[in-house]
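To start, the structure itself, in structure tokens.
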Amino acid sequence: MHVDEDSSELLQQCGDRDFSLATSDSVESSGIWSDDDTSAEREMTEDDLWQPQSALEPQLDAERLQRIDDFADSVEIDRLLGMKVIQWKSNYSGELGTELSAKFVRSWRKKTKKVFAEDGKLISETPGWLRRSRLVAREFNWLDVRDDVYSPSSSSSVVKILPALALSDGFAPNSILGTLDVADAFRQVPQPMPRVVRLGSMELVILMCLPGQRDAAKLWYQYFVDTLKTLFNAEVCIEQPCVLKVDNKVAMVLHVDDVLFMGDEGWINSCFLPELEKRFKLSSTVVSRATGGTFEFLKRYHVVDAGYTQITVYPEATHVCAMYDKFAEANGRPAKLAKTPCSPGNPANDPKLDELLPQKMAEVVRSLVGIAMYLSQERFDLQYATKTLAVISFISQAANTPCLV
């Protein structure tokens, strides 16, 4: 198994990207996209949440986007009411915990728009951009100190274990790999104590966990692991609690609601996935041993050759390109490409090191350091420089001072 990590090529792609946006005029007329008219006189429908497929996210004028966002918020409220994740406070008479702060997070998501006939038959599938709103909690860790919110998580090293075992037959003969993603994972876990949330003039009771709650990941982990134990008598690894196994049938690595699994192909298709689909709404990918295939896990693209003779892992380019673009936007010029991650020569003699950055620029630096921390999990050559920058950023933030140059 080898990892393709040519970040220089990825950076070059960032500089050469075509930033033109596709518009509805450049898409063949299929009758499924909404009109551009989203004026207040016309009642909006879910078609208005969709935009045609394009290289980059859609760019809409502020007034039109605000109206779409308001409608997306109402769709999210209706969805959560239907799922019994929330209910109106006026209809609730039970005991309530502390009030929870929440907000709507809106984003463009690449999705496939499906159109169905009245009899339920699928008519068409067209890729596009969906404007999605999600209600998330806001709990600030500086309000109180808690030691009950941690949940086991995977690491870049642990994630490599299952592909290596699949290649070597180190777990079970002729094992296959696959992934599954549980939709609305947190929203399936009951709150330890229902809580009130206020959204403008609305008062709601949160019955299930929301993303953003400090203990939501831990509660989901406990809920999902208990389900795996009940269904399959799964065992949890003592040293790495994010790793589980079911006899020699399947092994799993959990990363919140994403699961990488490996094991017996027949049992996975006939028992493992069908049983989980009875409990959860999930999407899954299984890579056959005979034909090979591809899957994506934690934003890394895996290509499996037929017969599992080789697995090639490609890191995603999004974070590299985001760092490149963010630096260029803040500095007014593109970043310089270098063969080494540290400055040449002796930077300690640079008088600029004694200067402080403006607050806005310091925020950009911390954002860039955060991206570098994500990338350094796979790029060992970046880890020293990233660690040094992270320490400087942390110290300056803790001291409530602008970040050093």
- Would you say residue 340 is of a type in the set (Val, Ile, Thr) and part of a loop (DSSP other than H, G, I, E, B)? yes
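Here's the yes/no breakdown for (1) under 25 Å from the mean Cα position of the chain (by Cα); (2) closer than 30 Å to residue 376 by Cβ:
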{"position": "164", "(1), (2)": "yes, yes"}
{"position": "170", "(1), (2)": "no, yes"}
{"position": "176", "(1), (2)": "yes, no"}
{"position": "185", "(1), (2)": "yes, yes"}
{"position": "193", "(1), (2)": "no, no"}
{"position": "220", "(1), (2)": "yes, yes"}
{"position": "223", "(1), (2)": "yes, no"}
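For (1) modelled with pLDDT of 90 or more; (2) among the aromatic types (Phe, Trp, Tyr); (3) not assigned by TED's automatic domain parsing to the domain that holds residue 262, each residue gets a yes or a no:
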site	(1), (2), (3)
165	yes, no, no
171	no, yes, no
177	yes, no, no
180	yes, no, no
187	yes, no, no
192	no, no, no
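Going by the conditions given, is residue 333 outside any strand (DSSP E or B), without any contact (Cβ under 8 Å) to a residue 24 or more places away in the chain and of a type in the set (Lys, Arg)?
yes
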- Would you tally the residues in region 64-90 being loosely packed, with under 15 Cβ neighbours inside 10 Å and without any contact (Cβ under 8 Å) to a residue 24 or more places away in the chain? 6
- Query: Among (1) touching a strand residue (DSSP E or B) at 6+ places or on another chain (Cβ under 7 Å); (2) surrounded by fewer than 16 Cβ atoms within 10 Å (Cβ to Cβ), where does residue 247 come up short?
  - Reply: (1)
- Message: With the structure loaded, tell me whether residue 254 is hydrophobic (A, V, I, L, M, F, W, C), surrounded by 18 or more Cβ atoms within 10 Å (Cβ to Cβ) and touching a strand residue (DSSP E or B) at 6+ places or on another chain (Cβ under 6 Å) or whether it fails that test.
- Response: no
- Would you call residue 368 surrounded by 15 or more Cβ atoms within 10 Å (Cβ to Cβ), over 30 Å from residue 56 (Cα atoms), among the aliphatic types (A, V, I, L, M) and modelled with pLDDT of 75 or more? no
- Cβ pairs under 8 Å, 6+ apart or interchain, first in region 194-214 and assigned to a strand (DSSP E or B), second of a type in the set (Ser, Thr, Tyr), ordered by first then second residue, are 194/92; 195/98; 197/101; 203/90; 205/92
- Answer yes if at least one residue in region 99-119 is over 19 Å from residue 46 (Cβ atoms), assigned to a strand (DSSP E or B) and not basic (Lys, Arg), and no otherwise. yes
- Within region 215-245, the residues that are in a loop (DSSP other than H, G, I, E, B) and either free of Cβ contacts under 8 Å to residues at least 24 places away in the same chain or of a type in the set (Lys, Arg) (or both) are 233, 234, 237, 238, 239
- Query: From the list 247, 215, 305, 264, which residue is closer than 30 Å to residue 82 by Cβ and of a type in the set (Asp, Glu)?
  - Reply: 215
- Item | Flag for residue 287 being crowded, with 20+ Cβ neighbours inside 10 Å, without any contact (Cβ under 8 Å) to a residue 24 or more places away in the chain, on the phi < 0 side of the Ramachandran plot and in the same structural domain as residue 165 (by TED's automatic domain parsing) | no
- Item | Single residue of region 258-284 satisfying the filter (in contact with a Leu (Cβ under 6 Å, 6 or more places away or on another chain) and outside any helix (DSSP H, G or I)) that is surrounded by the fewest Cβ atoms within 10 Å (Cβ to Cβ) | 282
- Would you check which residues across region 210-223 are hydrophobic (A, V, I, L, M, F, W, C) and either at pLDDT below 90 or touching an Asp or Glu at 6+ places or on another chain (Cβ under 8 Å) (or both) and list them? 210, 216, 217, 220
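A quick yes/no check of all residues on (1) surrounded by fewer than 21 Cβ atoms within 10 Å (Cβ to Cβ); (2) touching a strand residue (DSSP E or B) at 6+ places or on another chain (Cβ under 9 Å):
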| residue | (1), (2) |
| --- | --- |
| 157 | yes, no |
| 171 | yes, yes |
| 201 | yes, no |
| 204 | no, yes |
| 210 | no, yes |
| 221 | no, yes |
- Message: Just checking, does region 62-70 include any residue being in contact with a strand residue (DSSP E or B) (Cβ under 7 Å, 6 or more places away or on another chain), of a type in the set (Val, Ile, Thr), modelled with pLDDT of 90 or more and under 17 Å from residue 202 (Cα atoms)?
- Response: no
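The values are calculated or read from the model by the stated rules, or taken from the named source; none is laboratory data. None of these values were measured; they are calculated from a predicted model. Glycine gets a Cβ as well: all are built from the backbone with ideal geometry, and neighbour counts include every protein chain shown.
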